[in-house]
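K.L.:
Mind having a look at this structure? Questions to follow.
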Amino acid sequence: MAAVRVEAVLAAAEEQEAEKRRSITVEKELELEFDLGNLLALDRNPPPAAAALRGAGPRREALLRALARDNTQLLVSRLWELPAERAGGAGGPLVARLPEPTFRLPREKPPPRPRPPTRWEQFARLKGIRRRRKTSLVWDEQAKEWRRRWGYRRAGGDPARAWLAEVPAGADPEEDQFARLRREKRERVARNELNRLRNLARAHRAGRAVPAAPLHPTGHQDREELRRVARVARVSTASLGRFQPRLPKEPAEPPSRSGGKKRRFEPLLGNLAAERSRQLELLRDMGSKKPVLDITRAVNKQMRQEEAEAAAHKGKKQSQRGKRGRRQQRPGRSGKKSGARRQQQQQKPAGGGTGGR
Amino acid sequence: LICCYRKPKTKRAKRFLEKREPKLNENTKNAMLIRGGNANLTVTAVLKDIYAVKKPFAVLYKKKNITRPFEDQTSLEFFSKKSDCSLFLFGSHNKKRPNNLIIGRMFDYHVLDMIELGVEKFVSLKDVKNSKCPEGTKPMLIFAGDMFDVNEEYRRLKSLLIDFFRGPTVPSIRLAGLEYVLHFTAVDGKIYMRSYKVLLKKSGCKIPRIELEEMGPSLDLVMRRTHLASDDLYKLSLKQPKALKPKKKKNISHDVFGTTYGRIHMQKQDLSKLQTRKMKGLKKRPAEKLAEDGGTTPKKSKSA
């Protein structure tokens, strides 16, 4: 008796559970595809009979709404199964953590390209110079308070209102010092601007050397690049561009740089004046005392190369060791350079400034 | 390039430019809604409703712009560059193509894909007298119908619509705030777009039962012309930089049953000095220890 009753009770409980679950279960032929990161559901099942949908308004709307309800139920069930927590303490709203979106959508803009290092950055890497974090406020002794390093109310007073300009030892006493300071500032600003533009041009050139985005007009290309790309496109046929018709404004003969030959020779009886000047120049170079090979430059280049190798080697070792890099100056380095300089000075006493190179 | 050599002179200008430059994790895409030369009331109403749906991430141009996107794309690209929008919806009307909508997206300020749709029936937000959901709600998107997978043009349209209505990408979402759903059905050459407000009703268990209430714009669309990007350009636009790929954790593996295994790499151990259980009987006698140490006495004598 008891056993029967227990079975009946269990069966009744299961019935109740199934009843509850029925309200949220949906029967579908094919499973839906979900992308919860985008709150997206894709239903591959063929839609309900086209005839039914072609019919009158309200019936179609009802059918569409039923379909939408089923799909939304499935999507919401999946979303409620995600790990959820109460945001903002115990009383806050229930918040589910969404996974990363999986549906691949095209980007808005191409991914950023890393810009090549500037001349200073290359030098700093070579020498192992690190950036020092400067404090934004500096103690001003005169005003006895913390002031900005530069800008409005800077420490050290406004440079435009400086009323005293010392004449440095060895300068012309008639010279206007204020004018000199202004001129030097202008020159510094101009030099900085020039270097910045040079770095930009170098980055632009380096970026262009990679034909990674092949043959698509981006609107940021200039004439030279487009010409080069057009030339590449014309030559990329099976017969290497021999039978390609030309565009209306394209030049007839392709101005090839070498004319198909690797070495170029001047014609025998051509420009007599040019030939004469060339021969005279050759004789002049042969007879002059100044060597054609600039030894200073060559030695500096060699030293730079060695330093670069040493820095690269040390850099590898350092990254293995940790962040605490070299802080002290190595005495050996300056020894090398001064040694070279002393050597050069012995060779060319009248050579003038050698270290300036 | 002017943008390169002219530096911004104020911090505000610098922030403005930084917002627009290409980034690893991109901003949410903005949409521009443009009226064509002869846009009629229907098309204007459609644009207004879609602007309401996409509110903070859309720009609605009030004036009419006399252009033809399929013939000349330069004016669209100019607008996109000025307002930093990569999605657009252009509405126009003429005898040959009544109630025309051109939906499209840009890559690097150039047109990537454009699909022309005709609006056959339109029910606006104002016509449906029900309660609406708050502005800026992230909608749930559902696509029904096998056409969206079989046909290449429909597949691109699906991708375009997801891109358009997706909204910002969020790490977590409030479960009670799932109020808005956009349902697209592709049947018989037509695409039915319906928007519903979601009501969560009590069911016996944790997961609520869904009831839908019609709300918001509903459109019956027909596909007309398309201008899809070539395969390699599309692939180029899909490319994600490597830095965004999730870093794989090494030395961790899973087996079929869900157990996680880890690998630890240890140095070589000297097994003779291994510490095992203490057994009193095996303890070294003082005499043996002495012999090992090489004659030094444990007690050192104090030297004077």
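K.L.:
Scanning for something open to solvent by 60 Å² or more (accessible area, probe 1.4 Å), under 15 Å from A:Q73 (Cβ atoms), assigned to a strand (DSSP E or B) and more than 7 Å from chain A (Cβ to nearest Cβ), does the stretch B:183-203 turn up at least one residue?
P.N.:
yes
K.L.:
May I pose another question? If you scan the stretch B:39-76, which residues turn out to be open to solvent by less than 60 Å² (accessible area, probe 1.4 Å) and over 29 Å from B:T137 (Cβ atoms)?
P.N.:
Once the filter is applied, which keeps residues that are open to solvent by less than 60 Å² (accessible area, probe 1.4 Å) and over 29 Å from B:T137 (Cβ atoms), the stretch B:39-76 yields B:N40, B:N65, B:T67, B:P69, B:F70, B:Q73, B:S75.
K.L.:
Still on this structure: Return the residue satisfying two criteria in turn: it lies in the stretch A:97-137 and is of a type outside the set (S, T, Y) and more than 26 Å from the chain's Cα centre (by Cα), and of such residues it is most open to solvent (accessible area, probe 1.4 Å).
P.N.:
Taking the stretch A:97-137 and keeping what is of a type outside the set (S, T, Y), we get A:97-101, A:103-117, A:119-134, A:137.
Filter once more, so that each one left must be more than 26 Å from the chain's Cα centre (by Cα): A:97-99, A:103, A:137.
On the way: A:R97: 127, A:L98: 15, A:P99: 59, A:F103: 54, A:L137: 83 Å².
Per the stated criteria, the residue is A:R97.
K.L.:
Count, please, the residues in the stretch B:100-133 that happen to be of a type outside the set (K, R) and open to solvent by less than 30 Å² (accessible area, probe 1.4 Å).
P.N.:
If we filter the stretch B:100-133 for residues that are of a type outside the set (K, R), which is where we start, we get B:100-104, B:106-120, B:122-125, B:127-128, B:130-131, B:133.
With open to solvent by less than 30 Å² (accessible area, probe 1.4 Å) added as a condition, the list becomes B:100-104, B:106-108, B:111-119, B:124, B:128, B:133.
Qualifying residue count, the stretch B:100-133: 20.
K.L.:
Would you confirm, using the coordinates I've provided, whether B:L221 is open to solvent by 40 Å² or more (accessible area, probe 1.4 Å) and either facing chain A (nearest Cβ under 9 Å) or part of a strand (DSSP E or B) (or both)? Talk me through it step by step, then tell me what you get.
P.N.:
Values: open to solvent by 40 Å² or more (accessible area, probe 1.4 Å): no; either facing chain A (nearest Cβ under 9 Å) or part of a strand (DSSP E or B) (or both): yes.
No; evaluated as a whole, the condition is false for this residue.
K.L.:
What's the number of the condition A:E100 fails, among (1) more than 30 Å from B:L219 (Cβ to Cβ); (2) within 11 Å of chain B (Cβ to nearest Cβ); (3) in contact with a strand residue (DSSP E or B) (Cβ under 9 Å, 6 or more places away or on another chain)?
P.N.:
(3)
K.L.:
Next question, about the same structure. Filter the stretch B:208-218 down to the residues that are open to solvent by less than 20 Å² (accessible area, probe 1.4 Å) and not small (G, A, S) and list them by number. Walk me through how you get there before you give the answer.
P.N.:
Kept after step one, since they are open to solvent by less than 20 Å² (accessible area, probe 1.4 Å), are these residues of the stretch B:208-218: B:208, B:210, B:212, B:215-218.
Within the stretch B:208-218, B:P208, B:I210, B:L212, B:M215, B:P217 meet the criteria.
K.L.:
Suppose we filter B:F90, B:F70, B:F78, B:F16 for residues that are assigned to a strand (DSSP E or B) and more than 30 Å from B:L212 (Cβ to Cβ); which single one remains?
P.N.:
Working: B:F70 fails: assigned to a strand (DSSP E or B); B:F78 fails: assigned to a strand (DSSP E or B); B:F16 fails: assigned to a strand (DSSP E or B).
The conditions single out B:F90.
K.L.:
If a residue has to be assigned to a loop (DSSP other than H, G, I, E, B) and either β-branched (V, I, T) or surrounded by 12 or more Cβ atoms within 10 Å (Cβ to Cβ) (or both) to count, how many in the stretch A:143-157 make the cut?
P.N.:
The first filter runs over the stretch A:143-157 and keeps only residues assigned to a loop (DSSP other than H, G, I, E, B), leaving A:143-144, A:149-153, A:155-157.
Within this subset, residues satisfying the condition of being either β-branched (V, I, T) or surrounded by 12 or more Cβ atoms within 10 Å (Cβ to Cβ) (or both) are A:143, A:149, A:155-157.
The number of residues fulfilling the criteria is 5.
K.L.:
I'd like the residue in the stretch A:71-87 that is more than 7 Å from chain B (Cβ to nearest Cβ) and open to solvent by less than 50 Å² (accessible area, probe 1.4 Å) and, out of all such residues, is modelled with the highest pLDDT. So that I can check it myself, show each step before the final result.
P.N.:
From the stretch A:71-87, those more than 7 Å from chain B (Cβ to nearest Cβ) are A:74, A:78, A:81-83, A:85-87; that's our starting set.
Next cut, open to solvent by less than 50 Å² (accessible area, probe 1.4 Å) only: A:74, A:82, A:87.
On the way: A:L74: 91, A:L82: 88, A:A87: 77.
Selected residue: A:L74.
K.L.:
Of the residues B:R15, B:R20, which single one is exposed (fewer than 12 other Cβ atoms within 10 Å of the Cβ), among the basic types (K, R) and over 14 Å from B:K62 (Cα atoms)? Steps first, please.
P.N.:
Values: B:R20 fails: exposed (fewer than 12 other Cβ atoms within 10 Å of the Cβ).
From the options B:R15, B:R20, the qualifying one is B:R15.
K.L.:
If you don't mind, another one. May I ask you to say which residue of A:L63, A:L67, A:L30 is open to solvent by less than 40 Å² (accessible area, probe 1.4 Å), among the hydrophobic types (A, V, I, L, M, F, W, C) and within 55 Å of the chain's Cα centre (by Cα)? Write out each step before concluding.
P.N.:
Numbers: A:L63 fails: open to solvent by less than 40 Å² (accessible area, probe 1.4 Å); A:L30 fails: open to solvent by less than 40 Å² (accessible area, probe 1.4 Å).
Exactly one of A:L63, A:L67, A:L30 is open to solvent by less than 40 Å² (accessible area, probe 1.4 Å), among the hydrophobic types (A, V, I, L, M, F, W, C) and within 55 Å of the chain's Cα centre (by Cα), namely A:L67.
K.L.:
Do any helices (runs of 4 or more DSSP H) entirely within the stretch A:266-357 hold 3 or more residues that are at pLDDT 80 or above, more than 30 Å from A:G128 (Cβ to Cβ) and open to solvent by 100 Å² or more (accessible area, probe 1.4 Å), and if so, which?
P.N.:
Values: elements: A:272-287, A:295-321, A:331-347.
Of the helices (runs of 4 or more DSSP H) lying wholly inside the stretch A:266-357, those with at least 3 residues that are at pLDDT 80 or above, more than 30 Å from A:G128 (Cβ to Cβ) and open to solvent by 100 Å² or more (accessible area, probe 1.4 Å) span A:272-287.
K.L.:
Could you list all residues from the stretch B:143-195 that are within 15 Å of A:N45 (Cβ to Cβ) and within 19 Å of the chain's Cα centre (by Cα)?
P.N.:
B:F143, B:H183, B:F184
K.L.:
Restricting attention to the stretch B:19-66, which residues are assigned to a loop (DSSP other than H, G, I, E, B), away from every other protein chain (no Cβ under 14 Å) and farther than 23 Å from B:K121 by Cα?
P.N.:
Of all residues in the stretch B:19-66, those assigned to a loop (DSSP other than H, G, I, E, B) come to B:21-30, B:36-40, B:54, B:65-66.
Next, only the ones that are away from every other protein chain (no Cβ under 14 Å) stay: B:36-40, B:54, B:65-66.
Within the stretch B:19-66, B:N65, B:I66 meet the criteria.
K.L.:
Starting from residues that are facing chain B (nearest Cβ under 9 Å) and farther than 25 Å from B:I173 by Cβ, keep the ones in the stretch A:1-21 and report whichever is most open to solvent (accessible area, probe 1.4 Å). Let's see the steps before the verdict.
P.N.:
Initial filter on the stretch A:1-21 (facing chain B (nearest Cβ under 9 Å)): A:16-17, A:19-21.
Now narrow it down to the ones that are farther than 25 Å from B:I173 by Cβ: A:16-17, A:19-20.
Numbers: A:Q16: 122, A:E17: 101, A:E19: 104, A:K20: 87 Å².
So, considering only residues that are facing chain B (nearest Cβ under 9 Å) and farther than 25 Å from B:I173 by Cβ, the one most open to solvent (accessible area, probe 1.4 Å) is A:Q16.
K.L.:
Residue under question is B:K284, and the condition is that it be of a type outside the set (A, V, I, L, M, F, W, C), at pLDDT below 85, part of a helix (DSSP H, G or I) and surrounded by 10 or more Cβ atoms within 10 Å (Cβ to Cβ); does it hold?
P.N.:
On the way: of a type outside the set (A, V, I, L, M, F, W, C): yes; at pLDDT below 85: yes; part of a helix (DSSP H, G or I): no; surrounded by 10 or more Cβ atoms within 10 Å (Cβ to Cβ): yes.
For B:K284, the condition - of a type outside the set (A, V, I, L, M, F, W, C), at pLDDT below 85, part of a helix (DSSP H, G or I) and surrounded by 10 or more Cβ atoms within 10 Å (Cβ to Cβ) - is not met.
K.L.:
Are there any pairs with C-beta distances below 7 angstrom linking a residue in the stretch A:242-253 that is surrounded by 10 or more Cβ atoms within 10 Å (Cβ to Cβ) to a residue that is in a loop (DSSP other than H, G, I, E, B), with the two at least 6 apart or on different chains, and if so which?
P.N.:
Cβ pairs passing all conditions: A:Q244/A:T237; A:R246/A:A252.
K.L.:
Would the stretch A:88-95 turn up any residue that is farther than 30 Å from B:Y109 by Cα, surrounded by 13 or more Cβ atoms within 10 Å (Cβ to Cβ), without any contact (Cβ under 8 Å) to a residue 24 or more places away in the chain and at the interface with chain B (Cβ under 7 Å from one of its Cβ atoms)? Outline the logic, then answer.
P.N.:
To start, the set of residues in the stretch A:88-95 that are farther than 30 Å from B:Y109 by Cα comprises A:88-95.
Right, trim to surrounded by 13 or more Cβ atoms within 10 Å (Cβ to Cβ) and you get A:94-95.
Pick out the ones that are also without any contact (Cβ under 8 Å) to a residue 24 or more places away in the chain and you get A:94-95.
From what's left, at the interface with chain B (Cβ under 7 Å from one of its Cβ atoms): A:94-95.
Yes - at least one qualifying residue is present in the stretch A:88-95.
K.L.:
For A:D140, only one of the following conditions fails: (1) surrounded by fewer than 11 Cβ atoms within 10 Å (Cβ to Cβ); (2) away from chain B (no Cβ under 14 Å). What is its number?
P.N.:
(1)
The values are calculated or read from the model by the stated rules, or taken from the named source; none is laboratory data. What you see is a predicted model; the values in this text were computed from it and never measured. Note that we place each Cβ from the backbone using ideal geometry, even for glycine, and neighbour counts take in every protein chain shown. Each accessible area value is taken on the protein alone, full model and side chains, heavy atoms only, with ligands, DNA and RNA left out. Shrake-Rupley method; radii C 1.70, N 1.55, O 1.52, S 1.80 Å.
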